[in-house]
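Everything below concerns the one structure shown next.
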Amino acid sequence: MSTTSKGFASALQSAPATGHARIAGIGGYRPRRVVPNSELVEAINSSDEWIRERSGIIERRFAGEGESVIDMSVMAAEPALEMAGLKGSDIDAILVATISWPYQTPAAAPLIAERFGTDAMAIDLSAACAGYCHGIALANDMVRGGSAENVLVVGVERLSDFTSRDDRGTAFIFGDGAGAAVISRSETPGIGPTIWGSDGEKWDAISQTDSWIDVREKGLDWPHIGMQGQTVFRWAVWGMAPVAQRALDAAGVTVDQLDAFVPHQANVRIVEAMAKKLNLPPDVAIARDIAYTGNTSAASVPLAMERMVRHGEIPRGGLALQIGFGAGLSYAAQVVVIP
């Protein structure tokens, strides 16, 4: 075997860098079925007041017939594409953040691509509640690196399938839904540097309680997601505010320049504690979508921002700090220009 170079390395070509990227459009889909706290309290010996005080959740949405992970992704992506002025055939890549697509293979993303009539590169990302912000970072790098012009990023969950109705710690937390964003080329910076990482030592703080092997061998219906509430609360409050601050610093932005703070909708107490630790000014809009949507994991950040944009709560073209954090434990944060 020859170990001598043929000397053609200098002839290798790469995609030309394009400069900048931005969120060109955002969309969301919330399932039709509204599930108030009153529907869940009996099974967990609780009350509406207890749930509101503990989490800030008033109601959530559960998906039903015609609202699969694929269906919800498409219905969230359509308004995002419309806002961006694009068609499905304009998509070069699709990144789908989800932990509730119930198939080991194929991934959900190629099926979504098929719905839009495109043969775009399409893959799933498994980073739970941080998945969407990971997707934004990857899409930003793809567009800036020249490997794509338009990337569709979807955060989608059907967590009602993976929730135990009699688990007092999680039964009231999770909901279903999808949020989507289109990342496209920009003449000016639209997505700041991403601060991301993981803490695998705490993997069991949020995890699937039974593997698919357990489901088969024990004759279980579905595997469920379990959570060590206090561990997660402390990690999120004390560990994620510094990450959010690092994202601000990396973007060269101060809190008084922000128009919005859009954290993962895990718990309203976590949201408020993080805002306090960041010393956010009172005029910065803070996403509290969890009240009516619950914790939708990978879908929570885009759904929260979509609601704020749609209701005119934040200025288009302003700056938003977004951060996702959760199972893994994984996290990702960046400052973005509001579409």
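For region 167-175, check the following and say yes or no: at least one residue is part of a helix (DSSP H, G or I) and within 27 Å of residue 321 (Cβ to Cβ).
For region 167-175, residues part of a helix (DSSP H, G or I) and within 27 Å of residue 321 (Cβ to Cβ): absent.
Can you name the residue in region 139-166 that is assigned to a loop (DSSP other than H, G, I, E, B) and open to solvent by 40 Å² or more (accessible area, probe 1.4 Å) and, of all such residues, is nearest to residue 69 (Cα to Cα)?
Here the answer is 165.
Looking for whichever is touching a strand residue (DSSP E or B) at 6+ places or on another chain (Cβ under 7 Å), more than 20 Å from residue 330 (Cβ to Cβ) and β-branched (Val, Ile, Thr) here; the options are 243, 268, 253, 262. Which one fits?
So the residue among 243, 268, 253, 262 that is touching a strand residue (DSSP E or B) at 6+ places or on another chain (Cβ under 7 Å), more than 20 Å from residue 330 (Cβ to Cβ) and β-branched (Val, Ile, Thr) is 253.
If residue 323 meets every condition in (1) out of contact with any helix residue (DSSP H, G or I) (no Cβ under 6 Å at 6 or more places or on another chain); (2) modelled with pLDDT of 95 or more apart from one, which number is that one?
(1)
If I ask for residues that are of a type in the set (Gly, Ala, Ser), modelled with pLDDT of 85 or more and not in a helix (DSSP H, G or I), which ones from region 203-232 would you list?
207, 226
Since residue 256 meets every condition but one in (1) among the charged types (D, E, K, R); (2) surrounded by 15 or more Cβ atoms within 10 Å (Cβ to Cβ); (3) closer than 19 Å to residue 243 by Cα; (4) without any contact (Cβ under 8 Å) to a residue 60 or more places away in the chain, which condition does it not meet?
(2)
In region 140-165, what residues are among the aliphatic types (A, V, I, L, M) and over 20 Å from residue 193 (Cα atoms)?
156, 159
Quick check on region 118-138: of everything there that is buried (at least 23 other Cβ atoms within 10 Å of the Cβ) and of a type outside the set (A, V, I, L, M, F, W, C), which residue is farthest from residue 251 (Cα to Cα)?
124
Quick one: is residue 222 surrounded by fewer than 21 Cβ atoms within 10 Å (Cβ to Cβ), in contact with an Asp or Glu (Cβ under 8 Å, 6 or more places away or on another chain), within 27 Å of residue 170 (Cβ to Cβ) and not acidic (Asp, Glu)?
When the stated conditions are applied, residue 222 passes them.
In region 280-308, what count of residues is obtained for those that are over 24 Å from residue 173 (Cα atoms) and either open to solvent by less than 10 Å² (accessible area, probe 1.4 Å) or among the β-branched types (Val, Ile, Thr) (or both)?
1
Can you tell me how many residues in region 171-194 are open to solvent by less than 10 Å² (accessible area, probe 1.4 Å), among the hydrophobic types (A, V, I, L, M, F, W, C) and under 26 Å from residue 267 (Cβ atoms)?
Adding up the residues that qualify gives 5.
The values are calculated or read from the model by the stated rules, or taken from the named source; none is laboratory data. Just so it is clear, the model here is predicted, and its values are computed rather than measured. Ideal geometry is used to build each Cβ from the backbone, glycine not excepted, and the neighbour counts take in all protein chains shown. Accessible surface is based on the protein model in full, side chains and every heavy atom, while ligands, DNA and RNA are left aside. Shrake-Rupley method; radii C 1.70, N 1.55, O 1.52, S 1.80 Å.
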